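Asker: The following block contains the structure, expressed as structure tokens.
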Protein chains: 4
Amino acid sequence: MIVVMAAHATETEIKDVEQRIADWGYGVHPIYGAERTVIGATGVPEADKARYMESLESLPYVEQVMAILKPYKLASREISPTTTVIDVKGVPVGGNQIALMAGPCTVESYEQTWESAKACKEAGATILRGGAYKPSTSPYSFQGLGIEGLQILRDIADKLDMKVVTEVMDLRLVETVCQYADMLQVGARNMQNYDLLREVGKVKTPVLLKRGLSAKIEEWLQAAEYILIGGNPNVILCERGIRTFETYTRNTLDLSAVPAVRELSHLPVVIDPSQGTGKRSLVMAMTKAAVAVGADGLIIEVHPHPDQALKDGAQSLTCENFTQLVAELKPIAAAVGRSI
Amino acid sequence: MIVVMAAHATETEIKDVEQRIADWGYGVHPIYGAERTVIGATGVPEADKARYMESLESLPYVEQVMAILKPYKLASREISPTTTVIDVKGVPVGGNQIALMAGPCTVESYEQTWESAKACKEAGATILRGGAYKPSTSPYSFQGLGIEGLQILRDIADKLDMKVVTEVMDLRLVETVCQYADMLQVGARNMQNYDLLREVGKVKTPVLLKRGLSAKIEEWLQAAEYILIGGNPNVILCERGIRTFETYTRNTLDLSAVPAVRELSHLPVVIDPSQGTGKRSLVMAMTKAAVAVGADGLIIEVHPHPDQALKDGAQSLTCENFTQLVAELKPIAAAVGRSI
Amino acid sequence: MIVVMAAHATETEIKDVEQRIADWGYGVHPIYGAERTVIGATGVPEADKARYMESLESLPYVEQVMAILKPYKLASREISPTTTVIDVKGVPVGGNQIALMAGPCTVESYEQTWESAKACKEAGATILRGGAYKPSTSPYSFQGLGIEGLQILRDIADKLDMKVVTEVMDLRLVETVCQYADMLQVGARNMQNYDLLREVGKVKTPVLLKRGLSAKIEEWLQAAEYILIGGNPNVILCERGIRTFETYTRNTLDLSAVPAVRELSHLPVVIDPSQGTGKRSLVMAMTKAAVAVGADGLIIEVHPHPDQALKDGAQSLTCENFTQLVAELKPIAAAVGRSI
Amino acid sequence: MIVVMAAHATETEIKDVEQRIADWGYGVHPIYGAERTVIGATGVPEADKARYMESLESLPYVEQVMAILKPYKLASREISPTTTVIDVKGVPVGGNQIALMAGPCTVESYEQTWESAKACKEAGATILRGGAYKPSTSPYSFQGLGIEGLQILRDIADKLDMKVVTEVMDLRLVETVCQYADMLQVGARNMQNYDLLREVGKVKTPVLLKRGLSAKIEEWLQAAEYILIGGNPNVILCERGIRTFETYTRNTLDLSAVPAVRELSHLPVVIDPSQGTGKRSLVMAMTKAAVAVGADGLIIEVHPHPDQALKDGAQSLTCENFTQLVAELKPIAAAVGRSI
């Protein structure tokens, strides 16, 4: 780490900081500039870094302390030069083939899920998405069918030879959801629910980790690190829009997160254009952009009758939309050397 | 709710929307303007509103659907014209007396907590704060002492005749934390962890509900509604800074949330200037502002030796700072007709 | 507009609002709901809307006033079902062909500009970009060559048969810049410099209007409206990244602005991936996404030796990068039915 | 500056960076850590810093380049340990007395301005505010009375023995506005209109520099630096709310900017609670907070009849509100050792 001393720091104060760093057992490398003294510290382990940085920052004669190393290791690009391919019960995510996950926002009934899943499968989706436990801003909104929803998903996926991804919100239900799902989704609102991250780190089921509404990419990778460090190496990142001042779109889908994660991490990245925009009319265009930008997968809400949906109808594609979209994605995928 | 038809909507399409609203059993009130037709719907219950709004928005001939009623009821100002006074085992929060909560960011040891608590108590604090379970962005950082931390807090608080507020992160631990704490804190990162909200809604222990990093005031009140609807009427809101583009401060402390909540809700509001700014040098000034703006309480990090803190040393006041601060707050409180 | 009365509004207060609307000469359409009265007002002209909305909002018994109509007319989609094609001295922007604008961030010398322009032209660019007047956050940074820069741009563009787009910052220089440039750029920082907008509204030279760092799409279209209303119909919008909390990228490039503007306006939209990301390593991927999402043009910074650039070297492509990029864009453009 | 080499940087690449820094004539200070090499460069002048940082960042084997020194000098705290007192024609801003600026948002007529000004003066305001040239998001809104508005302000201020602050938007009008006004306001939308900053840097009339909607504090101080470097030392900063995701308030008033600027700069800071909140009901509370936090001045919109205002009626105080507010501010000012 780099310690920038205050402009007014005295020689004694500079010595004090040097002594502290030496006392902790780290290398001390002062640089005496004309206007500021800067002290480099080498050999500081990750586990102590935050603490020592704060300690030094709390001194009145220190202006700023800057980290040099990234605050994650297992999630970092340095682990592997190629993107890690996660195996979702036979469906690879992170390889040349763009993984297509689709289905209803929420499992409302067997029929609705079947209708959506069947159309998705026919269009080329291999993983069925659908919410059994729904995070709702309002306690008055529909909260999902729960275990019944899980059973519907499993049954339909089996019949259609698809895999299942569904959200787990309550950490007590991780095991239960694992019995029905092939991939667990940790939602944006729970990205920093560390106890939940620890729980999903204990299983081997792949985890689709959505980016928090106001999470920096670095924090998102640290959340992934919680899962990886727990022993579950199967983490897939999912960008689903961040919160900004813009109100026309529900969120601002940050597609630059794809190449950014590619630089910083070996984990695959998936795009959720439905949550990311909140408007059906924008989903089609943004999905194409997601393929072009290099996403490893897509997760899209498809409803047989969006105007009758219990949740997120406004951002759901119809089955026809989805079929058409996948057809339009194929040449774009080809143009970037991928298949879908 | 108000449905704005698209400019190009035909008469048939307008009729279709009117029919849908009528079929749901609600009042239909069309207004035919020169450029747009607008249709008001009356009598729509909260539980169906989100769904019907999305349903109509999913129609291509509808431009926009706007809600009229606030999406919370029990938390709303209409419940009570005065601020509700929450009783934290004898310490009122929401009345004329500004509640003073202080203590270390994290319980590191008995000695450190004792030293901080004693100074806080002497300066006038009545509620001891301190983290036993700590949400850390990095899995490599200190995660708190757990149950040992809870015991330290309880023991010291009892000796000093203080009450205890501490964070609960893991919903399986709500009961345990209730055994030691007089008030549960739900942290900013868990503000939309609905299962945790439901759990703390089942007990009667007061809950200090921190505003999420990117939560609109309306969403914060909906999170409170989850707790209230669960049966726990003792909710205290806590503004602790929101995430913005500014990087000089850790967060942007939104003091306007105090008068805003005052308009919208009957629940008391507390300010956390330590998390809110992340810099000791700003905490003093912002705490004064918090009192002047009308906060019902303050929650402040105090560490006997911030440069030795395991966490958040840079934003902790020293015991001397805190004593001085409280002295300086008294005349401001008096100036706004409150006491501290 | 729609006026939502406060829950506690009395009959007299409701009558007062109705009377005010009637006195202004507009249609009054009250809807008496169970919990709120809502009053629709029809026939309110745009010029008075903001004022009357504020007037009613200032009444204590009015909860909220909502606009129904979009606050722009000439820029709106309702003017034309197809995207308007702007003619930049023979180069169409807004048609099937994606307009390729490229060149150095800043004109530093004749040689540097020539080297960049030649490579851009050979790769397929038709419009040469380059800053003669540079908006710099710091007064200590290079501010551009001024008129000499304009001369260099014009001379090189003529030799290479390219058109010139360059920024005008000082409204006194609009005429001068028009003598050298084929398209004027209004920068993000000046998007709400209304006097500058009025000046560029007086000429017929096309204007590339960049979106402000924190401008909502609606405000961007209102800025375009200033130019259109002034008499210059040749406005091209340019998304160049918005300011968010993320710090890894310089800005967050909001690609959803392309389909969003497509819904709301008939004006063409161009993407600036260089400013939008601030990192060369992200520019390539985001440019592909821009083509896939449907952008009508691209404006890209290319420098023969980015490590010797006086400005924005870190986000400039090399000439080789650019040549390769254009080759990679062609099949994507074809995949979305466009050419480049 | 500090150059962080990429993890994979070879010895040759490290040498290359060292050589570049040496070639530029600066001190080279490498620190060889276990995982990264870091190179400090000393003696880099401000004028070259941005360029050299970008140059190094553009190299593939450089991970990051960090600045050590603040990018402003004349505005910095290091210039003076005390706040500079700016003399607005006899009214000091920055001293013990909190400067009270008040008046209508917009000059609509002589009568309206007189009524407002008279009430403000009687309540204790010494500087009359009022817009003659108004920046309006919509071209259809009222744009101000122009020169007639300036005359009204001057005439009324003279009669009431007040000073005048008013916005200048068009840089061609700086001289004209200086003939009527005692202080020029540069609005939030023009904070990075560098040509305007240069123009107001050429006169000696004090400048009230509003913070841009999405300006970091550092950028705001750099904008001040433009004026100072131009030769006008009389700059007063004004926080007026930043743009965030919150929609209940018009902007988020960042009161922590006051102590933050206090640390970083010697320039006085004024708060605008009217623009900062956009709601009359919040203005009173936030003004109290502004005094408590240490603001050097206040600028408040007061309208005799807000419901008849042509602009910003919803955020204007009535004359009675203002009189009451000033009375309530006095004891708070006293509590923080100031007078008003």
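Asker: When only residues in region C:94-130 that are under 17 Å from the mean Cα position of the chain (by Cα) and farther than 27 Å from residue C:144 by Cα count, which is surrounded by the fewest Cβ atoms within 10 Å (Cβ to Cβ)?
Answerer: Looking at the filtered set, the residue picked out is C:94.
Asker: Suppose the filter is over 18 Å from residue D:283 (Cβ atoms) and acidic (Asp, Glu); does residue C:35 pass it? Talk me through it step by step, then tell me what you get.
Answerer: Working: over 18 Å from residue D:283 (Cβ atoms): yes; acidic (Asp, Glu): yes.
Criteria met by residue C:35.
Asker: Residues of region C:119-130 being in a loop (DSSP other than H, G, I, E, B) and either touching a Pro at 6+ places or on another chain (Cβ under 9 Å) or within 17 Å of residue C:305 (Cα to Cα) (or both), which ones?
Answerer: Start the filter on region C:119-130 by keeping residues that are in a loop (DSSP other than H, G, I, E, B), which leaves C:124-126, C:130.
Across region C:119-130, the qualifying residue is only C:130.
Asker: Also, quick follow-up: Could you say whether any residue in region B:31-46 is at positive phi and facing another protein chain (nearest Cβ under 10 Å)?
Answerer: Yes: one or more hits.
Asker: Considering only region D:268-284, how many residues are at the interface with chain B (Cβ under 7 Å from one of its Cβ atoms) and surrounded by fewer than 24 Cβ atoms within 10 Å (Cβ to Cβ)? Steps first, please.
Answerer: Just the residues of region D:268-284 that are at the interface with chain B (Cβ under 7 Å from one of its Cβ atoms), to begin with: D:277, D:281-282.
Next, only the ones that are surrounded by fewer than 24 Cβ atoms within 10 Å (Cβ to Cβ) stay: D:281.
Going through region D:268-284 one residue at a time, the tally reaches 1.
Asker: Inside region B:292-304, can you point out the residues that are in contact (Cβ under 8 Å) with a residue 40 or more places away in the chain and either more than 20 Å from the chain's Cα centre (by Cα) or facing another protein chain (nearest Cβ under 7 Å) (or both)?
Answerer: Keep residues of region B:292-304 that are in contact (Cβ under 8 Å) with a residue 40 or more places away in the chain, which gives B:292, B:294-304.
B:292, B:294, B:302, B:303, B:304, listed by residue number.
Asker: All but one of (1) farther than 30 Å from residue C:280 by Cβ; (2) of a type in the set (D, E, K, R); (3) at pLDDT 95 or above hold for residue C:122, so report the exception by its number.
Answerer: That leaves (1) as the condition not met.
Asker: Report yes if residue C:117 is in contact (Cβ under 8 Å) with a residue 12 or more places away in the chain, more than 27 Å from residue C:213 (Cβ to Cβ) and either aliphatic (A, V, I, L, M) or within 14 Å of another protein chain (Cβ to nearest Cβ) (or both), otherwise no. Reasoning before the result, please.
Answerer: Values: in contact (Cβ under 8 Å) with a residue 12 or more places away in the chain: yes; more than 27 Å from residue C:213 (Cβ to Cβ): yes; either aliphatic (A, V, I, L, M) or within 14 Å of another protein chain (Cβ to nearest Cβ) (or both): yes.
Spelling it out, residue C:117 is indeed in contact (Cβ under 8 Å) with a residue 12 or more places away in the chain, more than 27 Å from residue C:213 (Cβ to Cβ) and either aliphatic (A, V, I, L, M) or within 14 Å of another protein chain (Cβ to nearest Cβ) (or both).
Asker: Also, I was wondering about something else. Answer yes if at least one residue in region A:196-206 is touching a helix residue (DSSP H, G or I) at 6+ places or on another chain (Cβ under 6 Å), among the charged types (D, E, K, R), in contact (Cβ under 8 Å) with a residue 24 or more places away in the chain and within 18 Å of residue B:212 (Cα to Cα), and no otherwise.
Answerer: Checking region A:196-206: not a single residue is touching a helix residue (DSSP H, G or I) at 6+ places or on another chain (Cβ under 6 Å), among the charged types (D, E, K, R), in contact (Cβ under 8 Å) with a residue 24 or more places away in the chain and within 18 Å of residue B:212 (Cα to Cα).
Asker: Something else: Would you tally the residues in region D:331-340 being more than 7 Å from every other protein chain (Cβ to nearest Cβ) and in contact (Cβ under 8 Å) with a residue 12 or more places away in the chain? Walk me through how you get there before you give the answer.
Answerer: Looking only at region D:331-340, we keep the residues that are more than 7 Å from every other protein chain (Cβ to nearest Cβ), and these are D:333-334, D:337-340.
Now drop any that are not in contact (Cβ under 8 Å) with a residue 12 or more places away in the chain, which leaves D:333, D:337-340.
Here the count works out to 5.
Asker: Within region D:36-89, work out how many residues are surrounded by fewer than 21 Cβ atoms within 10 Å (Cβ to Cβ), aliphatic (A, V, I, L, M) and more than 26 Å from residue C:310 (Cβ to Cβ).
Answerer: 2
Asker: OK, next. On the basis of being in contact with a helix residue (DSSP H, G or I) (Cβ under 6 Å, 6 or more places away or on another chain), at pLDDT 90 or above and of a type in the set (S, T, N, Q), does residue A:12 make the cut? Full working, then the answer.
Answerer: Details: in contact with a helix residue (DSSP H, G or I) (Cβ under 6 Å, 6 or more places away or on another chain): no; at pLDDT 90 or above: yes; of a type in the set (S, T, N, Q): yes.
Criteria not met by residue A:12.
Asker: How about region C:14-48: which of its residues are under 22 Å from residue B:263 (Cβ atoms) and charged (D, E, K, R)?
Answerer: C:16, C:35, C:36 - these are the residues of region C:14-48 that are under 22 Å from residue B:263 (Cβ atoms) and charged (D, E, K, R).
Asker: Got a number for residues in region B:229-239 being buried (at least 24 other Cβ atoms within 10 Å of the Cβ) and either within 12 Å of another protein chain (Cβ to nearest Cβ) or more than 17 Å from residue B:94 (Cα to Cα) (or both)? Before you say what the answer is, go through the steps one by one.
Answerer: From region B:229-239, those buried (at least 24 other Cβ atoms within 10 Å of the Cβ) are B:235-239; that's our starting set.
Within this subset, residues satisfying the condition of being either within 12 Å of another protein chain (Cβ to nearest Cβ) or more than 17 Å from residue B:94 (Cα to Cα) (or both) are B:239.
The total comes to 1.
Asker: Say whether the condition of being at the interface with another protein chain (Cβ under 7 Å from one of its Cβ atoms), modelled with pLDDT of 95 or more and in contact with a Lys or Arg (Cβ under 6 Å, 6 or more places away or on another chain) is met by at least one residue in region C:253-260.
Answerer: First pass over region C:253-260, keeping only residues at the interface with another protein chain (Cβ under 7 Å from one of its Cβ atoms): C:253-256, C:258-260.
Among the residues that remain, those that are also modelled with pLDDT of 95 or more are: C:253-256, C:258-260.
Now drop any that are not in contact with a Lys or Arg (Cβ under 6 Å, 6 or more places away or on another chain), which leaves none.
No, every residue in region C:253-260 fails to be at the interface with another protein chain (Cβ under 7 Å from one of its Cβ atoms), modelled with pLDDT of 95 or more and in contact with a Lys or Arg (Cβ under 6 Å, 6 or more places away or on another chain).
Asker: If you don't mind, another one. Please go through region A:305-325 and give me each residue that is among the charged types (D, E, K, R), over 26 Å from the mean Cα position of the chain (by Cα) and facing another protein chain (nearest Cβ under 10 Å), ordered by number.
Answerer: If we filter region A:305-325 for residues that are among the charged types (D, E, K, R), which is where we start, we get A:307, A:311-312, A:320.
Those still in the list that are over 26 Å from the mean Cα position of the chain (by Cα) too: A:307, A:320.
Scanning region A:305-325 gives a single hit, A:307.
Asker: Can you go through D:263, D:328 and tell me which one is within 7 Å of chain B (Cβ to nearest Cβ), surrounded by fewer than 22 Cβ atoms within 10 Å (Cβ to Cβ) and either within 23 Å of residue B:260 (Cα to Cα) or touching a residue at least 24 places away in the same chain (Cβ under 8 Å) (or both)? I'd like the intermediate steps shown before the answer.
Answerer: Working: D:328 fails: within 7 Å of chain B (Cβ to nearest Cβ).
None of the other options fit; the residue is D:263.
Asker: Do any strands (runs of 3 or more DSSP E) lying entirely in region C:1-118 carry at least 3 residues that are of a type in the set (Gly, Ala, Ser), and which ones are they?
Answerer: Values: elements: C:2-5, C:27-32, C:37-42, C:62-66, C:86-88, C:91-93, C:99-103.
Of the strands (runs of 3 or more DSSP E) lying wholly inside region C:1-118, those with at least 3 residues that are of a type in the set (Gly, Ala, Ser) span C:99-103.
Asker: Cβ contacts < 9 Å: first residue of a type in the set (Val, Ile, Thr), restricted to region C:174-185; second residue part of a helix (DSSP H, G or I), any location; separation 6+ or different chain. Result?
Answerer: From residues that are of a type in the set (Val, Ile, Thr), the pairs are C:174/C:196; C:174/C:199; C:174/C:200; C:176/C:147; C:176/C:150; C:177/C:150.
Asker: Suppose we filter D:51, D:77 for residues that are within 14 Å of another protein chain (Cβ to nearest Cβ) and closer than 26 Å to residue D:261 by Cα; which single one remains? If you could, list the steps in order and put the result at the bottom.
Answerer: On the way: D:51 fails: closer than 26 Å to residue D:261 by Cα.
It is D:77.
Asker: Would you please name the residue that is surrounded by the fewest Cβ atoms within 10 Å (Cβ to Cβ), looking only at residues in region B:285-307 that are outside any loop (DSSP other than H, G, I, E, B) and at pLDDT below 95? If you could, list the steps in order and put the result at the bottom.
Answerer: Going through region B:285-307, the residues outside any loop (DSSP other than H, G, I, E, B) turn out to be B:285-293, B:297-302, B:306-307.
Filter once more, so that each one left must be at pLDDT below 95: B:306-307.
Values: B:306: 24, B:307: 19.
Among them, the one singled out is B:307.
Asker: Residue B:256 versus (1) within 24 Å of residue B:283 (Cβ to Cβ); (2) touching a residue at least 40 places away in the same chain (Cβ under 8 Å); (3) buried (at least 23 other Cβ atoms within 10 Å of the Cβ): which is the lone unmet condition?
Answerer: Unmet for residue B:256, out of (1) within 24 Å of residue B:283 (Cβ to Cβ); (2) touching a residue at least 40 places away in the same chain (Cβ under 8 Å); (3) buried (at least 23 other Cβ atoms within 10 Å of the Cβ): (2).
The values are calculated or read from the model by the stated rules, or taken from the named source; none is laboratory data. None of the values given here were measured: they were computed from a predicted structure. Reconstructed Cβ throughout: ideal geometry from the backbone, glycine too, with neighbour counts over all protein chains shown.
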